[in-house]
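Working notes for the structure below.
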Amino acid sequence: MKTLSPFQLLLPHVVELVVNHIAGTRRRTYSGSDDPEEEAELQMPLLWVCHNFRVVVYSRFCRGYELCLNSSNDTVHSTRSSWPDCLEQADYQTLHLAKDLQIEVDIWSIYSGKSSELLSRAPNTDLVFPLVRSLTFFFVPSLKKKQKTTTSVQDIKANITAFVQRVKRMVPMANEIKVETSAYSHDVHPSACPQFVSLVSQLYRLTDSVVRSSLNCAVPFWQQHDLVQSIAYSSHQDYNTSESILQLVRRNALVLRTLDIALEASDITGLIWDDNGSYVCYPCLHRLNLTMLSNCTDLKRPTFTGATPFPALQRLQISDQYPFGDDTPFRDNAGTLENLKINIDAESAVAVSRCHVFTPDSHPKLQCVMLGLMPNLVSEHFGSDVACMRFILDIAPNASVREIMGIDCNQGLSAAFPLLHGHTRIQVLLLPNTDISLWDSITLIMSLPVLSDLRTMAPALGSIPTGTTLPKLSVYVLSTYGTINERFRCWHLNMKRGGMPKDAARCVLLLALICPSFDFVLPPVARHSAFTSQMKKLVATNAFKQHEPRLQRLLSDRS
């Protein structure tokens, strides 16, 4: 007990910092494994060392609670969503600490009255969550094969009422309620869902606008419900539902906050125009994730002169090709846009430039820009890597680009270095098909002071500087460059067939000597064994042996 006294003497705010730090420990970001990090496993028992720590642990990890009503085997399972795996789950006496509750239930068990019965048979029949303010009903598909039922609509509504009333007694103080559905719950009764939401509103004395319903569907079964604030839709080959889902989206345009939708390129007009040919505006939409299911190249991309569909947009992601012929998704949201992820091809590059979407100081809140450049963009449109890089950096004149993806610098990466020099926000640079030498990589990483993640082809050694030899390269690199970047952590490598793992391994080790935080190198899975073997052999040679403690960090997840 004496050894624990320093922990017992820590001030409460220091204890909270320690607990939050340990709780935030995760498996190394780039290791590709979901197993807990050994260091975290060793630290977790510290959370129980004294009363002060336990109080903070309960407060920190008991906030979220999940209650799963499994009608397929008539069981109730409960868990704290953020509770550390290394600690035994807290008992029911901590329910009063929960602030967020999610109830997972299949809709048919509510209709049949089974869910109310399960709640009455829960391990603790007096389940009460007095502090819960955020309540989520998450409808999951039933695992039981459904048989034809004779349950009338009136009985269904009565069973829904009984279930919601039971939940109201269990969670008396909720003031934010979400109704969400699984993408596989195709069979939700169309007349019951609006009634469920309406009943929840009445019992909790909420206005309909406060009940936030999220529709995540493969079939738009919820078409009668007009208060959906979040819609996620992925097209399914068995259903011709694009027009139906677009009608649902347009009908809820005034209240939608998030929209995640996959469409054919030919359907994009239905997002912007209604059935009467008038423009649709989504004044509350903060997040738009648009996935194009077909190629836009062979279609004339539509323009929407005068439309301002997304004036409050904060996050915009367009996967695959940009489907517009103009700046439609960027209009009137320059002051709100914070996060942008788009792919650029020749036509979209012309549209963005012609419409002057990005100008100095035009997007003051833009913090994260992720750009994917389509194949052959440089050769077909820009003509040079320098022109392409200048276009990319012009998109974020406030130096807020954090991630650039997919540039193919076939004409020589070094020509673009002057444009990148000192760019203080670029954290991730993905150049998956770009050949690079050791010296190019050093110059590039030096140019970007906060770069943490780089993807290129496996590096070649390049020319050895005059006056040195291969075994002396480590001495040369250290004496010439010292420390070039404190932030750089991870190098993803692509390799051509016939590439030399030994040369790439040598380049990685040399770079590690001048980048103190560089701990992760990810070769292709097929070359993992050969690359790892070469690194281990090189670390054991005289050229690197004196640096073995530092270089072993690159091998720590490969043993």
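Rounded, prolate or oblate: which one fits region 463-503, using the alpha carbon gyration tensor with axes a ≥ b ≥ c (rounded when a/c is under 1.5, else prolate when a/b beats b/c, else oblate)?
It is oblate, given that a/c is not under 1.5 and a/b is not larger than b/c.
Put a dot 7 Å past each Cα toward the Cβ at ASN289 and GLU380; how far apart are the dots in nm?
2.7 nm
Just to be sure I understand the model, the point goes 7 Å from the Cα along the line to the Cβ. What's the resulting GLU264 to GLN552 distance in nm?
6.1 nm
Once amide H atoms are built 1.01 Å from N in the peptide plane, which residues 5 or more positions from LEU285, or in another chain, come under 5 Å H to H?
Placed amide hydrogens put ALA312 under 5 Å from LEU285.
Summing +1 for each Lys or Arg and -1 for each Asp or Glu, what net charge is found among the other residues whose Cβ lies under 14 Å from the Cβ of SER437?
-2
Under 18 Å from the 7 Å Cα→Cβ point of ALA540, by amide nitrogen: which residues of region 456-498?
Under 18 Å, as judged by backbone N against the label point of ALA540, lies no residue of region 456-498.
Given the peptides 127-133, 447-453, arrange them by the average over their residues of other C-beta atoms within 10 Å, most packed first.
447-453, 127-133
Gain in length, VAL525 to LYS496, computed as 0.36 nm per residue apart minus the alpha-carbon separation, to one decimal in nm?
Extra length available between VAL525 and LYS496 comes to 9.2 nm.
On a 19 Å Cα-Cα criterion, which of the cross-link pairs LYS300/LYS341; LYS99/LYS157; LYS472/LYS545; LYS114/LYS157; LYS496/LYS545 come out too long?
Listed pairs above 19 Å: LYS300/LYS341; LYS99/LYS157; LYS496/LYS545.
Quote the FRET efficiency, to the nearest 0.05, computed for ALA312 versus ARG390 with a Förster distance R0 of 41 Å and r equal to the Cβ-Cβ distance.
Once rounded, the FRET efficiency stands at 0.85.
Any read-out appearing in this document is the output of simple, stated calculations on the displayed coordinates, not a laboratory observation. Since the structure is predicted, the reported quantities are computational estimates derived from the model, not experimental observations. Using ideal geometry, Cβ is built from the backbone for each residue, glycine included, and neighbour counts are taken over all protein chains shown.
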